[in-house]
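S.K.: Quick one: structure below, then a few questions.
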Amino acid sequence: MKEKVAIAAMVIGCVTAGQLGADYPIVSHRYLADPSSLVTPERVYIYCSNDDESPVQGSYNIPNVICVSSSDMKNWTDHGSVFRASESTTWAKRTWAPAAIERDGKFFLYFGNGGANIGVAVGETPIGPFKDPLGKPLITHGTPGVQPARNMWLFDPGAFIDDDGQAYLYFGGNGDDNVRVAKLKRDMITLDGEVIKMNATNFFEAAWVFKRKGIYYFTYSTTPRAQMRIDYMTSNHPINGYQYRGVVGDQPPINNNNNHAAQFEFKGRWYHVYHNRIVARQAGIPTGFRRNLAIEELEFNDDDTIKKVTYTTNGVRQIAKVNPRVRVEGETFRAQQGVETDRCSEGGMCLTDLQHGDWVLVAGVDFGSKTPSKFIARVSSGEEGGKIEVRLDGPEGKLLGVCQVEKTGDWQTWKTVSCQVSEVTGVHDLCLKFTGGDKPLLNLDYWMFE
């Protein structure tokens, strides 16, 4: 990203392996919004509108889709831009509120071209690259079944595949009667019949469907008059018979504006991912067009209704520990101060523009009972380099070692460096703190211990 976001994890002084910091924000180095989820056996991928490239004041631009993922629900990996409409299509400029789903080994990414029409892109992996298979929108205002509709927004697609294999795409906005659902053929890029009309009380945007114990849940954002909550309906059918059930979550804290959420199950737990605007507030800039990601655990009552989300600063439990003896990407972390990410010439992403005092914190690193002897990092520097301080439990925590990084000749010329570390066992948060002179210090691709 090009714009530096200067925010640390809230209450960082309290961040330890047993007391992790806030779950809003996550991925705090980026302005991201309108999240949707794709769950694989080992990771959950979140696809987002990209507010990084919108004007601070004026409007939503959102020209590309950003993807982040996690295997433990505390540390998140930034995969960067996975699809940019202007470069990958001839007809679209925007990628509002994307949603992805897997079928037959391929990944399908649906997006709103503003509120005008809905497109689809196809990739071989969850992080793309995604390509436009149609050369045109999948759904327009002229698609049979979409009309009649009063002042309808054609956006916010939510994809769902039922147990019988039938695929659906839910979408629409700006009115109770403006909910639409399209059946999709097996190829996921062809409509199967006319678009079908639905209705939801106080429907505004953010259509999303999931299934649990044979019950279909349709969640959505309500109108400003209805406080822009996330409400929901349930049915025993994916299209018909929905009944209003109540509130999934009130207007999120530090948001006071549009609301968007998705619900998903990952490794036996349910989650509610949403956006608010705490990062912009902390940065002291206008919050209207600068949103950020957040997440909570989701629970159900005995009668299968949803327990209303209680927004917390430490609501999500880490479900797996980080193994420090295998490669850990630099762009994977729980909290940060001052970092940016960019494409890496050796593949994937890297931490970039690291300056004196910047740091990242990785939650729940399990060193086991045997102490490592060495810290290893893949680095580059187009200036005079700097140091990586390897610390436990925070930027001022116990110092394990200091890794010196010299100039490599270019910001994408990579070198492996290492340093000895003092004894460490058990589970800790690990903080990598970057120190040096006044200029940018170094880039970091990955790290590990041995």
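This table checks each residue for (1) in the same structural domain as I239 (by TED's automatic domain parsing); (2) outside any strand (DSSP E or B); (3) aromatic (F, W, Y).
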{"site": "Q147", "(1), (2), (3)": "yes, yes, no"}
{"site": "N151", "(1), (2), (3)": "yes, yes, no"}
{"site": "Y170", "(1), (2), (3)": "yes, no, yes"}
{"site": "V181", "(1), (2), (3)": "yes, no, no"}
{"site": "M188", "(1), (2), (3)": "yes, yes, no"}
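S.K.: Is it the case that some residue within segment 129-143 is in the same structural domain as R103 (by TED's automatic domain parsing), farther than 20 Å from A92 by Cβ and modelled with pLDDT of 95 or more? If you could, list the steps in order and put the result at the bottom.
M.R.: Let us first name the residues in segment 129-143 that are in the same structural domain as R103 (by TED's automatic domain parsing), namely 129-143.
Pick out the ones that are also farther than 20 Å from A92 by Cβ and you get none.
No, that holds for no residue.
S.K.: Would you mind stating whether E396 is more than 15 Å from F367 (Cα to Cα), in a strand (DSSP E or B) and assigned by TED's automatic domain parsing to the domain that holds V362?
M.R.: Numbers: more than 15 Å from F367 (Cα to Cα): yes; in a strand (DSSP E or B): no; assigned by TED's automatic domain parsing to the domain that holds V362: yes.
Considered against the rule, which asks whether it is more than 15 Å from F367 (Cα to Cα), in a strand (DSSP E or B) and assigned by TED's automatic domain parsing to the domain that holds V362, E396 comes out as no.
S.K.: Let me ask something else about it. Need at least 1 residues that are among the acidic types (D, E) per element, so show me which strands (runs of 3 or more DSSP E) inside segment 303-369 make the cut, counting only ones lying wholly within it.
M.R.: Values: elements: 335-337, 340-343, 349-354, 359-366.
The qualifying strands (runs of 3 or more DSSP E) are 340-343, 349-354, 359-366.
S.K.: For T143, state whether it is more than 17 Å from V181 (Cβ to Cβ) and of a type in the set (S, T, N, Q). Give the derivation first.
M.R.: Numbers: more than 17 Å from V181 (Cβ to Cβ): no; of a type in the set (S, T, N, Q): yes.
Criteria not met by T143.
S.K.: Would you mind stating whether T312 is of a type in the set (V, I, T), modelled with pLDDT under 95 and touching a strand residue (DSSP E or B) at 6+ places or on another chain (Cβ under 7 Å)?
M.R.: Details: of a type in the set (V, I, T): yes; modelled with pLDDT under 95: yes; touching a strand residue (DSSP E or B) at 6+ places or on another chain (Cβ under 7 Å): yes.
Yes, satisfied.
S.K.: While we're on this one: For segment 271-315, how many residues are more than 15 Å from the chain's Cα centre (by Cα), under 21 Å from V44 (Cα atoms) and of a type in the set (A, V, I, L, M, F, W, C)?
M.R.: Number satisfying all stated conditions: 3.
S.K.: Any residue at all in segment 334-356 that's more than 17 Å from W414 (Cβ to Cβ), out of contact with any His (no Cβ under 7 Å at 6 or more places or on another chain) and crowded, with 24+ Cβ neighbours inside 10 Å?
M.R.: Of all residues in segment 334-356, those more than 17 Å from W414 (Cβ to Cβ) come to 334-340, 355-356.
Applying the additional criterion that residues be out of contact with any His (no Cβ under 7 Å at 6 or more places or on another chain) yields 334-335, 337-338, 355-356.
If we keep only those that are crowded, with 24+ Cβ neighbours inside 10 Å as well, we get 334-335.
Yes, some residue in segment 334-356 is more than 17 Å from W414 (Cβ to Cβ), out of contact with any His (no Cβ under 7 Å at 6 or more places or on another chain) and crowded, with 24+ Cβ neighbours inside 10 Å.
S.K.: Also, I was wondering about something else. Can you spot a residue in segment 294-314 that is within 21 Å of C67 (Cβ to Cβ) and in contact with a Leu (Cβ under 8 Å, 6 or more places away or on another chain)? Outline the logic, then answer.
M.R.: Step one: of segment 294-314, the residues within 21 Å of C67 (Cβ to Cβ) are 294-296.
Add one more test, that the residue is in contact with a Leu (Cβ under 8 Å, 6 or more places away or on another chain), and what stays is none.
The answer is no, given that none of the residues of segment 294-314 is within 21 Å of C67 (Cβ to Cβ) and in contact with a Leu (Cβ under 8 Å, 6 or more places away or on another chain).
S.K.: To continue, here is another question. Would you be able to say whether some residue in segment 284-301 is free of Cβ contacts under 8 Å to residues at least 60 places away in the same chain and among the polar types (S, T, N, Q)?
M.R.: We begin by selecting, within segment 284-301, every residue free of Cβ contacts under 8 Å to residues at least 60 places away in the same chain; these are 284, 287, 297-299, 301.
Right, trim to among the polar types (S, T, N, Q) and you get 287, 301.
Yes, there is a match, as at least one residue in segment 284-301 is free of Cβ contacts under 8 Å to residues at least 60 places away in the same chain and among the polar types (S, T, N, Q).
S.K.: May I pose another question? Looking only at residues that are buried (at least 18 other Cβ atoms within 10 Å of the Cβ) and under 29 Å from the mean Cα position of the chain (by Cα) in segment 394-413, which one is farthest from T341 (Cα to Cα)?
M.R.: Looking at the filtered set, the residue picked out is G397.
S.K.: I'd like to verify a number: residues in segment 81-111 that are over 17 Å from the mean Cα position of the chain (by Cα) and among the small types (G, A, S), how many?
M.R.: Summing the residues that are over 17 Å from the mean Cα position of the chain (by Cα) and among the small types (G, A, S) in segment 81-111 gives 5.
S.K.: Please count how many residues of segment 290-326 are of a type in the set (G, A, S) and assigned by TED's automatic domain parsing to the domain that holds V248. Even if it seems obvious, please write down each step before you answer.
M.R.: Filtering segment 290-326 for residues of a type in the set (G, A, S) gives 294, 315, 320.
Pick out the ones that are also assigned by TED's automatic domain parsing to the domain that holds V248 and you get 294.
Result for segment 290-326: 1.
S.K.: Continuing with the same structure: With respect to A99, determine if the residue is in contact with an Asp or Glu (Cβ under 9 Å, 6 or more places away or on another chain), buried (at least 21 other Cβ atoms within 10 Å of the Cβ), assigned to a strand (DSSP E or B) and modelled with pLDDT of 95 or more.
M.R.: Working: in contact with an Asp or Glu (Cβ under 9 Å, 6 or more places away or on another chain): yes; buried (at least 21 other Cβ atoms within 10 Å of the Cβ): yes; assigned to a strand (DSSP E or B): yes; modelled with pLDDT of 95 or more: yes.
Yes.
The values are calculated or read from the model by the stated rules, or taken from the named source; none is laboratory data. All of these numbers come straight from a predicted model, not from anything done at the bench. We place every Cβ from the backbone using ideal geometry, glycine too, and count neighbours over all the protein chains shown.
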